[in-house]
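K.L.:
Sharing a structure with you now.
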Amino acid sequence: MVNIGNDWDNVLKGEFEKDYYLQIRQILKTEYFSRTIFPPMHDIFNALKYTPYSETKVVIIGQDPYHEIGQAHGLSFSVKRGIKIPPSLVNIYKELNSDIGMQIPTHGELTSWAKQGVLLLNATLTVREGQANSHRDIGWAIFTDEVIKKLAQSPNPIVFILWGANARSKKKYITSKNHLIIESAHPSPLSAYNGFFGSKPFSRANRFLVENGKTPINWNSVNEE
């Protein structure tokens, strides 16, 4: 069974034994054996591994993993060093520059955010090579909805950043007044000019964290590694 290695194991206790998850497992066994699937199997749960439940301050929900070779490593919007920065992340960096004056990074690895409490969670955790959304209907939405529900129940104030219709569909699970919801268009080139640019999600998130006695996120950590 899955072992995240932190408090998520207790928070999600029993989830990995439910019928829908056992069905996901069976599908993935076949898919990883017969096709090229991203991210690599050992990276599927990296978002949860890097960002424990009790340390989550900000949640950024993506759609599904990047589907080209070498890109996906289990964190939404992030790619490993040496991989070309994808268009959506280019726009995220542009908004960071506009919002907080951050220098545009030269790489797309966001692990340093995850280690500070930014849960970089995709709604779907796996994908076939070259086929966006190819695993959308295998059951991952049930699992990631459960993750969002558990976070929404946290007594700790959390910022939920919802970009685009897919992420915004999770809003219904976030009912506690403890939390801040920031929503806008998706940062993809197709929609970024429809309300993503100028939405200032990063400064707004940090303002909320400070107001609630939390250490703000050092978004510039991407440039400091």
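The values are calculated or read from the model by the stated rules, or taken from the named source; none is laboratory data. What you are looking at is a predicted structure, and each value in this text was computed from that prediction instead of being measured. Cβ placement follows ideal geometry from the backbone for every residue including glycine, while neighbour counts extend to all protein chains displayed. Please note that ligands, DNA and RNA were not included when accessible areas were found on the heavy atoms of the full protein model with its side chains. Shrake-Rupley method; radii C 1.70, N 1.55, O 1.52, S 1.80 Å.
K.L.:
What FRET efficiency, computed as 1/(1 + (r/R0)^6) with R0 = 25 Å and r the Cβ-Cβ distance, is obtained for Ile181 and Asn133, rounded to the nearest 0.05? It would help to have the intermediate numbers written out before the result.
P.N.:
Details: r = 24 Å, r/R0 = 0.97.
That gives a FRET efficiency of 0.55.
K.L.:
Work through the residues other than Glu129 whose Cβ is under 14 Å from its Cβ and net out their charges, Lys, Arg +1 and Asp, Glu -1.
P.N.:
Neighbourhood net charge equals -1.
K.L.:
Next question. Taking 7 Å along the Cα-to-C-beta vector as the label spot, tell me the Leu190-Arg207 distance in nanometres, rounded to one decimal.
P.N.:
Calculated label separation equals 3.1 nm.
K.L.:
When ranked by the protection proxy of mean other Cβ atoms within 10 Å per residue, highest first, what sequence do the peptides 26-37, 62-73 form?
P.N.:
Details: 26-37: 12.8, 62-73: 20.1.
By packing density, highest mean first, the sequence is 62-73, 26-37.
K.L.:
Over the stretch 169-225, what percent of the accessible surface lies on carbon and sulfur atoms, probe 1.4 Å?
P.N.:
Ligands and nucleic acids excluded, carbon and sulfur reach 51 percent.
K.L.:
Now a separate question. Could you work out the local net charge near Asn6, counting Lys and Arg as +1, Asp and Glu as -1, over the other residues with Cβ closer than 11 Å to its Cβ?
P.N.:
Numbers: positive: Lys49; negative: Asp7, Asp9, Glu55.
Charge balance in the 11 Å sphere: -2.
K.L.:
For the stretch 74-140 and the stretch 1-40, what is the separation of their Cα centres, given in Å?
P.N.:
21 Å
K.L.:
Run down the lysines and flag those whose C-alpha is under 30 Å from the C-alpha of Lys84, throwing out any fewer than 8 positions away in its chain.
P.N.:
List returned: Lys29, Lys49, Lys57, Lys94, Lys115, Lys170, Lys200.
K.L.:
Could you report the chain's accessible area per residue, 1.4 Å probe, as an integer in Å²? Kindly include the intermediate steps, with their values, before the conclusion.
P.N.:
Working: 10300 Å² over 225 residues.
Computed with neighbouring chains in place, this is 46 Å² per residue.
K.L.:
Taking R0 as 35 Å, what FRET efficiency do you get between Lys172 and Gln103 from their Cβ-Cβ distance, rounded to the nearest 0.05? All intermediate terms of the calculation are to be shown ahead of the outcome.
P.N.:
Values: r = 37 Å, r/R0 = 1.06.
Taking R0 as 35 Å, the efficiency between Lys172 and Gln103 is 0.40.
K.L.:
Would any residue of the stretch 62-82 have its amide N under 15 Å from a label point 7 Å out along Cα→Cβ of Thr36? List them or say none.
P.N.:
66-73
K.L.:
Okay, moving on. Per the helix-only calculation at 222 nm, which mean residue ellipticity applies to the chain, given -39500 (n - 2.57) for every DSSP H run of n ≥ 4 and division by its residues, nearest 500 deg cm²/dmol? Working shown, then result.
P.N.:
Working: 9 runs with 76 residues, N = 225.
Calculated from helices alone, the mean residue ellipticity at 222 nm is -9500 deg cm²/dmol.
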